[in-house]
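Following: one structure in structure tokens, then a few remarks.
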Amino acid sequence: MTVLAGRKKIRSDYTLTSLLRLVHSLAESEQIKSAVQDILDHIGHSYRGGKTMLDLVRFAIRQADTGNDPESSARLDDALGYATGRILNSELVDKYQLFDRMPNRNSGMFEQVMSAAHLAISSIFEEFLQQHPEAGVAEARDYFRRLAKASVQVVEDREAGIYRIHRFAEEDGIWLTETLLRRSTYEPLAASGRPAMGMPPESQAILARADAESILAGMQLCLRRRKLAEIRRVVEHPYSSESQIQKALTGAWWLFGGEYVGQSLRRRLTRGLELDLPLLRPDGVLYVVELKRAAVKVIERHRTSTIPTEEVHKGVAQVQNYLKLLDENRDTILSHDIDTRRATAVLIIGHPAFQDKFSEIQINETLRVYNSHLSRIEVITYKQLLDAAERALDLTDPSAPDLA
């Protein structure tokens, strides 16, 4: 919904509400939370906006500045920018990972449009030359500029600080125009007519050997490297939720090492228990993977040393309850060919990138000491998991020399 305040439109919708709820959950003080809650109460279920909403947002920003919470202040400033048209819907959603969907939804559209644009430009250019056989490069360039003037004007207005509220479909077109004009780089074409992007050395080595087994292994390696890169992108995004991380990790059971044969298709093994990632060993024993957010603190200072934070202790207690339920319902679960009597678990939480007061070595050392006092549960960070998977992929690279 958009409402008029004087001559300027103000946007209030589900996206704005989602961002404000995120700000509320991450705010450091009750004073800031209260100010944000006032905005949410004003918006309500009917998405009320208006000048009153903008005043409430500006008041919340002042509260965040006074409370020395620059992150909340920056998020609220983005909310203000979105409400006044300074920030596009797609930019806000991608920046804060507001919805559980694949990120960068415009990337696929961009690739498709670029492919079609090359054909369209070629056709338009041929038609122009037929009508103006004497035209040169300058005339052709001016002709295309006139065709694009309407879309370009919107981008130029935004760069000049003139913002308008647009419908979602119009915002996609603005994003695409801005990408084509300001963010795109074009690679030269090779003699074959394809982009000269270059082939990775490992792929060249695999193709040189040209046996089916190496090619299949190389294809699997390439897919896993792409999957690992995508998981890193999601994990290292400061606003990725647990469900978004879980979605990225689903099916990537090979991240946890070669001792697992796959992921159980059954996540709800007993009443009141639904596991994030249930993995299976070759003998059918269950390995429970519990996922928490990456952007949380995992250690804190205690006197002269460091200890795990409350978030870690709560996560371990949650996994302990899971193992207790699995033990108590072992006979029922065994009918699914899953053995839970010797089940173990791992809690994956945090990332050194989100805790700059401590080094990665300090975080790993603190968790290693903590794990030494646990029996069936291990606590690791996402960086430990992904770095171990990266090393495993390097060791299984079929292009590497055969040391045997």
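What ranking, highest mean first, results for peptides 300-309, 279-288 when packing means the other Cβ atoms within 10 Å averaged over each residue?
By packing density, highest mean first, the sequence is 279-288, 300-309.
Considering the dipole of the stretch 227-393 built from charges on the beta carbon (Lys and Arg +1, Asp and Glu -1) around the Cα centre, which of Q320, G251, S335 is farthest to its positive end?
About the Cα centre, the residue reaching furthest to the positive side is Q320.
Can you sort F99, F256 from fewest to most other Cβ atoms within 10 Å of each residue's own Cβ?
Fewest-to-most ranking of F99, F256: F99, F256.
Can you sort L98, L273, L326, L265 so the residue with the fewest Cβ neighbours within 10 Å comes first?
L265, L273, L98, L326
Please report, in debye to the nearest 20, how large the charge dipole of the stretch 2-96 is about its Cα centre when each Lys and Arg carries +1 at its beta carbon and each Asp and Glu carries -1 there.
That gives a dipole near 560 debye.
List the lysines whose Cα sits under 19 Å from the Cα of K314, skipping any in the same chain fewer than 8 residues away.
Here the lysines satisfying the reach criterion relative to K314 are K292, K297, K324.
Can you order the peptides 240-247, 20-27 by their average number of other Cβ atoms within 10 Å per residue, highest first?
With the highest mean Cβ count within 10 Å placed first, the list reads 20-27, 240-247.
At a 10 Å Cβ-Cβ cut-off, how would you order R225, R75, fewest neighbours first?
Lowest count first: R225, R75.
Between V261 and S29, what is 0.36 nm times their sequence separation minus the Cα-Cα distance? Round to one decimal in nm.
Extra length from V261 to S29 when fully extended: 78.9 nm.
Taking the Cα of D283, stepping 7 Å toward and past its beta carbon, and measuring to each backbone N in the stretch 315-344: which are under 20 Å?
323-324, 326-344
Could you run the Debye sum over the Cα atoms of the stretch 227-393, one equal point scatterer each and no solvent, and tell me log10 of I(q)/I(0) at q = 0.13, 0.15, 0.19 Å⁻¹, two decimals?
Normalising to I(0) and taking log10 leaves -0.63, -0.83, -1.28.
Laboratory data are not the source of any read-out in this text; all were calculated from the coordinates shown. These numbers come from a predicted model, not from an experiment. Note that each Cβ is placed from the backbone with ideal geometry, even for glycine, and that neighbours are counted across all protein chains shown.
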